[in-house]
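Written below as structure tokens is the structure these notes are about.
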Amino acid sequence: MNSPIPPPPSPDPLADLRPYHLPEAILGWPPAPGWWLLGGFLLVLAVWLTRVWWRRRQRQAPTRQALIELAHLRAGFARDGDEAAFVRGLSRLLRRVALSRFPLHPVAGLSGEAWLDFLDAQGGRGRFSRQGSGRILLEAPYRSHGAGAGAALAALVEDWILQKKIPKKRHWFKGSYWV
């Protein structure tokens with residue numbers, strides 16, 4: 001029996017190999033589970049930051065509105081020069097800002113020295129009840145003040161509006177009020 005003769009060995013042992021070939025393309029979709037987790041975390045973080053930003057903006061809305069109204073009062077005073085109307089407007093503005101910030105406090109019933117003491121206690125640092133420019137709120141209906149008194153009072157009102165921190169909502173859970 002004749003056995004087949006094997007082919008002679010080739011001089012190059014690598015000649016029988018296939019040529020280089022590229023691997024299959026790696027698809028970008030679907031991503032690995034780690035990317036899904038990262039995407040979910042970033043989405044939750046974005047929602048949370050948006051909510052924090054929105055709550056802060058809502059809490060600061062009365063302050064922004066009060067500053068806009070103060071600018072209108074100053075413009076009206078510069079145009080008309082009526083100091084009595086300007087001081088009445090500042091007084092109403094202070095009262096409304098205080099009522100928007102302290103709804104549980106008996107702000108609406110305060111008048112005279114008690115009102116000035118309240119303003120000092122909430123950020124006035126003694127510039128309302130003592131001999132500061134805040135005394136004009138009590139004395140303006142009865143006597144006129146020197147030039148520049150209205151501007152000094154407006155600066156004090158602006159400082160009070162900007163300085164006073166807005167109380168956060170009180171929570172009713174856990175048996176006590178938290179600030």
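No lab work stands behind these numbers, since they all come straight from the coordinates. Just so it is clear, the structure is predicted and the values come from calculations on it, not from any experiment.
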Original post:
Using 0.36 nm per residue, how much length does the chain from Glu113 to Asp159 gain when fully extended, once their Cα-Cα distance is taken away?
Top reply: 14.6 nm
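Give, in nm to one decimal, the length gained when the segment between Trp53 and Leu17 is fully stretched (0.36 nm per residue of separation minus the Cα-Cα distance). Display every interim value, and only then the final one.
Details: separation 36, 0.36 × 36 = 12.96 nm, distance 6.46 nm.
Contour length minus Cα-Cα distance gives 6.5 nm.
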Original post:
Where the centroid of each part is defined by its Cα atoms, how far is the stretch 1-40 from the stretch 51-68 in Å?
Top reply: 64 Å
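Is the shape of the stretch 61-166 rounded, prolate or oblate, going by the alpha carbon gyration tensor and its root eigenvalues a ≥ b ≥ c, with a/c under 1.5 for rounded and a/b larger than b/c for prolate? Mind dumping the intermediate values first?
Numbers: a/c = 1.75, a/b = 1.23, b/c = 1.42.
Cα axes put the stretch 61-166 in the oblate bin.
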